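This structure is in structure tokens; I'll ask about it shortly.
The values are calculated or read from the model by the stated rules, or taken from the named source; none is laboratory data. A quick note: this is a predicted structure, and the numbers were derived from the prediction, not measured. Because the Cβ atoms are built from the backbone with ideal geometry, glycine has one as well, and the counts that use them run over all protein chains shown. Surface areas here come from the heavy atoms of the whole protein model, side chains and all, with no ligands, DNA or RNA. Shrake-Rupley method; radii C 1.70, N 1.55, O 1.52, S 1.80 Å.
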Amino acid sequence: MRSTSSVAGPSLTLFSGPTCSLCDTAKTMLKEIQTEIPFSLQTIDIHAPGQEQWKKRYVYDIPVLHLEGKTIAKGRWDKESIQKVLQEWHSNANSTKTS
């Protein structure tokens, strides 16, 4: 199952599973962060049909979070570290616009 929410900002992809309590915690945390820092979020259930490549890669690591296609977190992570990465992304995006 895929779900997407779109807002201005970077694109994040959360790889999760249906019976993953850490994934549920990560989803809640990302929703909280999204109220403060804009980003789009796509969630991919690695156990869903058609997601075999992600299951093979991340079955023992979920939740896994990608920012613009690059892994920024695996397993257990904290809100502050994700906020910091997103703030840095926004700072870099703004400095690129003003250059």
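Can you tell me the orientation of helix 79-98 relative to the chain, as the angle in degrees between its alpha-carbon axis and the longest Cα principal axis, to the nearest 10?
Between the helix axis and the principal axis of the chain, the angle is about 40 degrees.
Label points 7 Å out from Cα along the Cβ direction at residue 60 and residue 24: separation in nm?
2.5 nm
With every protein chain kept in the model, how would you rank 67, 14 by accessible area, 1.4 Å probe, largest at the top?
If we order 67, 14 from most to least accessible, we get 67, 14.
Let me ask another. Would you mind computing the Rg to Rh ratio of region 33-99 from its alpha-carbon coordinates, Kirkwood style for Rh?
Reported Rg/Rh (Cα atoms, Kirkwood Rh): 1.05.
Here is a further query. Starting from the residue with the highest accessible area, list 66, 47, 90 in decreasing order, probe 1.4 Å.
47, 90, 66
Also, I was wondering about something else. Over the chain, how many pairs of lysines fall under 26 Å by alpha carbon, counting only those 8 or more apart in sequence or from different chains?
21
Let me ask something else. On the accessible surface of the chain, probed at 1.4 Å, how many percent belong to carbon and sulfur atoms?
Taking all protein chains in place, the chain shows 50 percent carbon and sulfur surface.
Against the longest alpha carbon principal axis of the chain, how many degrees, from 0 to 90 and to the nearest 10, is the axis of helix 21-34 turned?
20 degrees
As a check on your grasp of the helix formula, calculate [θ] at 222 nm for the chain: sum -39500 (n - 2.57) over DSSP H runs of n ≥ 4, divide by the residue count, round to the nearest 500.
Calculated from helices alone, the mean residue ellipticity at 222 nm is -13500 deg cm²/dmol.
Report the relative contact order of the chain, percent, no decimals, based on alpha-carbon pairs under 8 angstrom and at least 6 residues apart.
Over the chain, the number comes to 35 percent.
Say a site is exposed when it is one of the GluC sites (Glu not before Pro), sits in a DSSP loop, and has at most 13 other Cβ atoms within 10 Å; what is then the longest site-free stretch of the chain?
For GluC sites (Glu not before Pro) (loop position, at most 13 other Cβ atoms within 10 Å), the longest site-free span of the chain is 1-35.
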